[in-house]
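Every number in this text was worked out from the coordinates using simple rules, so none of it is lab data. Since this is a predicted model, take the numbers as computed values, not measurements. All Cβ positions, even for glycine, are placed from backbone atoms using ideal geometry, and neighbour counts span all protein chains on display.
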Amino acid sequence: MRIWYDAGTGKHIRYGAAIGRRMRGLGHEFILTTRRHPDTLPLAKFLGEEPIIVGRYAPESALSRLEESLKRQIIFCRIFGDRLPDLAMMHASVECARVAFGLRIPLISTFDTTHAEALNRLTVPLADIVIASKAIPQQIIYSYGAKKVVQFEGVDEVAWIRNFKPLITFDFRRPFIVVRQSEIRAVYAEGIRDVTEEVARKLTLLGQVVYLSRYERKSRRGLIVPRGFIDSASLAAQADLVVSVGGTISREAALQGTPSIVIKVFNEIYVNNYLASKGFPIFTVEPEEVIGYAKKYLGKRFEVKDFLNDLKDPVDVIERLVEKYVREGSF
């Protein structure tokens, strides 16, 4: 089969690469597309992927977002117009969802960001099937208009963290703390104050702080700000502590035994609470509690191999669905 996956962010690139390896191994043609974004192209190159680049991330305004999304949709129509994919896959790609729906391409969607209301409303109803962690209440997924939901005992990040070996060794002075800036330009973050830089400065009293900024790689006094690409999964594996507002890096760290502090900014992040309940070192706290938790867990390593082995790989779920579709022509 000819399978298309559209990746909009760094997480999607990792997910798409993991799915692509499996699909290619099964003999399927796998087409990976992405957009210009600070996290996508460097990571794709690092992972050995050569995606088709279509458009760019344009968060400057509501108009720029809409215009760029429409441009991407038109380009996809031109790319696939003469030879449609047999199957499409995504993780909340508005353009993939709309084009797959319009061209009648069956669509598989993964899902884990319950608070991304705008994206979910535009994508979930157009997917033929949604794959999500059992951590997420089914009624939430169906409330966005899902047709069919398949859940698994795990989280998305298991797809690339299981059997992961750091590909880069870092020589930061110990202890070193990684702080990931909040996604300040996402629609779901509008009106929410970014506290990560303020927290990072306070944490310099406990160790060297590596601040992973999202868009501006400018120097920040007292913080190490990498100017180029840095592999977050390898960094999280070697850090003494990871602090974020709850995104991918928080789970990448916890799944590898690195203590991960999540600053409570968004509504409940079900997948983080799920990992905590399974024994992984991920702690959701108020901003004023970060320093206390950092002092308690800084430098402690947690043995999580058995916990990780108990979780399911979502790529296995996707593989079974693809096999079913090949056999029966439906999910």
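Quick notes
- Calculation over all alpha carbon pairs of the stretch 160-300 in 5 angstrom steps from 0 returns a P(r) of 2, 10, 21, 25, 22, 14, 5, 1 percent.
- For VAL54, the amide hydrogen comes within under 5 Å of the amide hydrogens of THR34, ARG35, ARG36, counting only partners 5 or more places away or on other chains and with H modelled in the peptide plane.
- Per-peptide packing, taken as the mean over residues of other Cβ atoms within 10 Å, places 283-292, 34-43 in the sequence 34-43, 283-292 from highest down.
- Surrounding net charge for GLU319, when Lys and Arg each add one and Asp and Glu each subtract one, Cβ distance under 14 Å: +4
- Candidates ALA17, ALA97, ALA276, ranked by Gaussian network fluctuation over the chain, Cα under 10 Å, top entry: ALA276
- Reducing the stretch 16-74 and the stretch 232-248 to their Cα centroids gives an inter-centroid distance of 23 Å.
- Mean Kyte hydropathy of 0.0 or more with a Cα span along the axis of at least 15 Å, helices from DSSP in the chain: 62-80
- Local electrostatic count, ARG220, Cβ distance below 15 Å [Lys/Arg +1, Asp/Glu -1]: +4
- Size of charge dipole - the chain - debye, nearest 20, with Cβ of Lys, Arg +1 and Asp, Glu -1, no other charges: 580
- Ranking VAL199, ALA58, THR169 by Cα position along the charge dipole of the chain, where only Lys, Arg, Asp and Glu carry charges on their C-beta atoms, puts THR169 farthest toward the positive end.
- Where a label projected 7 Å from the Cα of GLU67 along Cα→Cβ would reach, residues of the stretch 17-60 with amide N under 12 Å: 58-60
- Using C-alpha pairs below 8 Å separated by at least 6 residues, the relative contact order for the stretch 256-331 is 34 percent.
- Take every Cα pair under 8 Å whose residues are at least 6 apart in sequence, average their separation, divide by the length of the chain, and the relative contact order is 14 percent.
- Electrostatic bookkeeping for ILE161 treats Lys and Arg as +1 and Asp and Glu as -1; over the other residues with beta carbon under 11 Å from its beta carbon, the sum is 0.
- Using just its DSSP H runs of length 4 or more, each adding -39500 (n - 2.57), the chain gives a mean residue ellipticity at 222 nm of -11000 deg cm²/dmol after division by all residues.
- The phi-based Karplus calculation (6.51 cos²θ - 1.76 cosθ + 1.60; θ = phi - 60°) puts the 3J(HN,Hα) values of the stretch 44-50 at 4, 4, 4, 8, x, 9, 10 Hz, whole numbers, x for Gly and Pro.
- Converting phi to 3J(HN,Hα) with the Karplus coefficients 6.51, -1.76 and 1.60 and the offset θ = phi - 60°, the stretch 142-159 yields 5, 5, 8, x, 5, 7, 8, 10, 10, 10, 9, 8, x, 9, 3, 5, 4, 4 Hz in sequence order, with x at every glycine or proline.
- P(r), alpha carbons of the chain - 10 Å bins starting at zero, rounded %: 5, 26, 35, 24, 8, 1
- Cα extents of the stretch 7-55 along the three principal axes, largest first (Å): 31, 17, 14
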